[in-house]
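The values are calculated or read from the model by the stated rules, or taken from the named source; none is laboratory data. Everything numeric in this text was worked out from a predicted model, so none of it was measured. Positions of Cβ are backbone-derived with ideal geometry, glycine not excepted, and every protein chain shown enters the neighbour counts.
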Amino acid sequence: MIEFITNLDWSAIAPFIAIGFLAQLIDGALGMAFGVICSTLLVSVMGVPPARASAGVHFVEMFTTGASGISHVLHKNVDWKLFARIAIPGVIGGGLGAVAISYIHAEAARPAVMLYLTCIGFYLLYKALTFGQEHRPRDPKITAPLGLVGGFLDASGGGGWGPVVTSNLLIQGSDPRKTIGTVNTAEFFLTVAISVIFTATLGFEAFTMVTGGLLLGGLMAAPLGAWVAKRIQPRKLLFAVSIVLIATSLFSLYKALS
């Protein structure tokens, strides 16, 4: 084991460790972006096929979301009733999406989804700018369909659970901190289901050395995200979510259309 570690080309892995760290820090604090950032890098820069990129990212997320979820639970950032309402549909949608991308090309709808998320980002930015102390969190009404769609898009597009589910729950008036913690914790079960299906359909060759770099960086950052989310004011959280959502969605839209 020690010989294996010393023989690794750390200079080649270091950039992916840094990307995994940054992506997970943002994801843990804001409830989105790990899958989008990592999948964009693997597909657009490294030339990895979409199915293999999605498989690798979800394998990494099994560990990072597990660590992040535990951290959010310890910081009391999880609404367990909301968790149950999004986690089960999310796992079902994720399983369907993993099967779809393994056998068919499921990227045709990506530009429309990214355009939709960009619009959601601008709306959340407006909400953040008009957010007042009198704001009272509301219980979101649309949860199961949201979890199902979010899980499907996450598996078939290599990322999307956080942007789709977190942003839409915030639009419905849910508490920003609880929303981020709940969505992050539910994502662990989603990624486990997706990774099992990818392993069955693509085999372990889908997981490369790049995956190892993302995993190391992600695990280092996972405990920090929940700590950040607990200490940032709701208005600032909402503002940060909107900016990240706009930036990542516009970039993904550009890559999908170019």
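Among G151, G121, G162, which is the only one that is assigned to a helix (DSSP H, G or I) and either basic (K, R) or at pLDDT 85 or above (or both)?
Unique residue meeting the criteria: G151.
Looking at the stretch 72-91, which of the residues that are within 16 Å of the chain's Cα centre (by Cα) and either small (G, A, S) or closer than 18 Å to L30 by Cα (or both) is modelled with the lowest pLDDT?
Out of the qualifying residues, it is H72.
If you check V48 against the conditions, is it among the aliphatic types (A, V, I, L, M) and either part of a helix (DSSP H, G or I) or modelled with pLDDT of 70 or more (or both)?
no
Return the only residue of L250, L216 being surrounded by fewer than 16 Cβ atoms within 10 Å (Cβ to Cβ), of a type in the set (A, V, I, L, M, F, W, C) and more than 16 Å from the chain's Cα centre (by Cα).
The unique qualifying residue is L250.
Considering only residues that are charged (D, E, K, R) and over 22 Å from S252 (Cα atoms), look in the stretch 164-190 and name the one that is surrounded by the most Cβ atoms within 10 Å (Cβ to Cβ).
R177
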